[in-house]
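Report on the following structure.
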Amino acid sequence: MNWNKQLKYWAWALAMPLALAACDDNNGNPGGGDGDGEFRAERGIYVFNTGNEGNSIDGSLSFIDLASPRGYKNNVFFTVNGRSLGSTVQDGVVLGDELYIAVSGSNTIEVVDKHTAESVAQIAPTASQGSQPRDIVTDGRYVYVSMFDGFVSRIDPSTHAIDRTVAVGPNPEEMAVLDGCLYVANSDGLNYGNGYVNGKSVSQINLSDFTEETRIPVGVNPTKVVAHEASGKLFVICMGDYAANPNSLWTIDTTRGNETTDLHVAASLMCLSGNTLYTVYNQYGSPEANRYVSYNAADNTVLDEDFIPAETSDGGLEYNLADNPAGIVADPESGHLFVSSYVNDPVNAYSLPGYVLEYDAQGQLLARYDLGVGAVNMMLLE
């Protein structure tokens, strides 16, 4: 990450006094902390705070309320259930009235009511079903979890039990569902010493029989994948080796026999909203400035080379940008973008509470929400 960015929160705060998302006792979700009061989520952003296992900081769940008046609440799961969500919270997905949360360090999938966050079930995979849940997605019928030890497991929502498991490549990360198949990025992330040699692929799983059909060759260290249903394409971020092999955005065209294309553009985060692919470049260890570029997902053309622009105060201080972006999600109803970030602290950033910035459709900063440690992945609750 670019720890040399000149943006710092205090500089931003001095340069641009901003009415941040308010804590309002009338909205049922008092913002900014662990306060009392019944929790109820209707429409907003669930934020999955990974915590820091090395420093014995458990993960947590936060919620940004998009109703009016707005607020946000931290430690939602603990407040509602009276226990920790677990170690290394990764990701979540909604199916029906339930939110499924992958908790890697604790090797569990927590199932909660999507509105109240009350625990419904806790799924603990067996050794044969894989371990260390990473990414979690749904096709509207089942829930699928990538397991970092090389498997993908399927959860039957009627029983809250894993009923099928398939082996994929080493250290699978993000997944996407497209046209009856599940696509899984095989990172081989723990094999960085050998150049991620076994991780240059995306597994294609046929959901009708839950078998791996093929492995599609892509670039080095693929980690993130999203599907654009209208064009039948997948976008895959290959993180490279942080040295000789650069980060790059690839496409897989499933309508052309899984034809792959290296777009030779840098990206480390992305999200889709309609036909727009929003990308953020914030490569770990890179001296380059962060970049925010959006594309037409249908033809890969650039829409905006700076969809979240830096702003400079009269005193020459930059503001409007996140310190070290870690995640991005779009709200298609409002056109607003939400960027999660670590704080600008090279030594302690991974142990300090992170935050989310909310932007309007023109890329202007609207609010900052101070959340949990490792505020990385987000999910829109509609």
statement: Along the range 80-90, Karplus-curve 3J(HN,Hα) (6.51, -1.76, 1.60; θ = phi - 60°) to the nearest Hz, with x for Gly and Pro, reads 7, 9, x, 8, 6, 5, x, 8, 6, 5, 10
query: For the range 76-147, max minus min Cα coordinate along each principal axis, in Å, sorted largest first?
result: 32, 27, 16
- prompt: Using modelled amide H (1.01 Å from N, peptide plane; none on Pro or chain starts), what sits under 5 Å from the amide H of residue 143, excluding residues fewer than 5 places away?
  reply: 155
statement: Within the range 127-155, the residues whose backbone N lies under 15 Å from a label point placed 7 Å from the Cα of residue 191 along the Cα-to-Cβ direction are 148-151
statement: Lys and Arg at +1, Asp and Glu at -1: neighbours of residue 107 with Cβ under 13 Å from its Cβ sum to -2
field: Approximate spin-label separation residue 296-residue 262, in nm, with each point projected 7 Å along Cα-to-Cβ
entry: 2.6
field: Distance between modelled label sites at residue 303 and residue 345, nm, 7 Å Cα→Cβ extension
entry: 3.6
Simple Cβ-charge dipole of the range 297-344, Lys/Arg +1 and Asp/Glu -1, about Cα centre, in debye nearest 20: 180
- request: Please work out the Kirkwood hydrodynamic radius for the range 94-224, using every pair of different C-alpha atoms, and report it in angstroms with one decimal place.
  value: 14.7
- prompt: Over what distance in Å are the Cα centres of the range 76-145 and the range 264-310 separated?
  reply: 29
message: Would any residue of the range 88-112 have its amide N under 20 Å from a label point 7 Å out along Cα→Cβ of residue 141? List them or say none.
response: 93-98, 100
Modelled FRET efficiency - R0 25 Å, residue 94 with residue 229, Cβ distances, 0.05 increments: 0.85
- request: May I ask you to order 198-210, 249-261 by the average number of other C-beta atoms within 10 Å around their residues, highest value first?
  value: 198-210, 249-261
- prompt: Of all the accessible heavy-atom surface of the range 161-314, with the other protein chains kept in place and a 1.4 Å probe, what percent is carbon and sulfur?
  reply: 44
- prompt: Non-local amide H neighbours of residue 66 (under 5 Å, H modeled in plane, Pro and chain starts lacking H): which ones?
  reply: 43, 44, 45
task: State the volume of the convex hull built on the alpha-carbon positions of the range 117-163, expressed per residue in Å³ and rounded to an integer.
output: 86
- request: Grab the other residues whose beta carbon is less than 10 angstrom from that of residue 50, score K and R as +1, D and E as -1, and report the net.
  value: -3
task: Count the net charge of all other residues whose Cβ sits under 11 Å from the Cβ of residue 156, scoring Lys and Arg as +1 and Asp and Glu as -1.
output: +2
Per-peptide average of other Cβ atoms within 10 Å, ordering 97-104, 222-229, 294-301 highest first: 97-104, 222-229, 294-301
message: Between residue 120 and residue 244, how high is the FRET efficiency from 1/(1 + (r/R0)^6) when r is the Cβ-Cβ distance and R₀ = 56 Å? Nearest 0.05.
response: 0.75
- line: Over its alpha-carbon atoms, the chain yields an Rg and a Dmax in Å of 19.8, 62
message: I need to check one value: relative contact order of the chain, counting alpha carbon pairs closer than 8 Å and at least 6 residues apart, in percent.
response: 15
field: Computed FRET value (nearest 0.05) for residue 161 with residue 312, which takes r as the C-beta separation and R₀ as 45 Å
entry: 0.25
message: Can you show me the helix-derived [θ] at 222 nm for the chain, built from DSSP H runs with n ≥ 4 at -39,500 (n - 2.57) apiece and divided by the number of residues, rounded to the nearest 500.
response: -1000 deg cm²/dmol
- prompt: Taking θ as phi - 60°, what are the ³J(HN,Hα) couplings along the range 40-48 by the Karplus curve (6.51, -1.76, 1.60), each to the nearest whole Hz, with x for Gly and Pro?
  reply: 8, 10, 10, 9, x, 10, 7, 10, 9
- request: Grab the Cα-Cα distance for residue 211 and residue 352, subtract it from 0.36 nm times how many residues apart they are, and report the gain in nm with one decimal.
  value: 46.6 nm
query: Per residue, what accessible area does the range 100-223 have, given a 1.4 Å probe and all protein chains present, in Å²?
result: 36
query: Heavy-atom accessible area per residue, the range 227-382, 1.4 Å probe: how many Å²?
result: 40
- request: Using amide H atoms built 1.01 Å from N in the peptide plane, name the residues 5+ places from residue 218, or on other chains, whose amide H lies under 5 Å from its own.
  value: 201, 202
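The values are calculated or read from the model by the stated rules, or taken from the named source; none is laboratory data. No experiment lies behind these values; they were computed from the predicted model shown. Virtual Cβ from ideal backbone geometry, glycine too; neighbours counted across all protein chains shown. Just the protein is used for accessible areas: all its heavy atoms, side chains included, with ligands, DNA and RNA removed. Shrake-Rupley method; radii C 1.70, N 1.55, O 1.52, S 1.80 Å.
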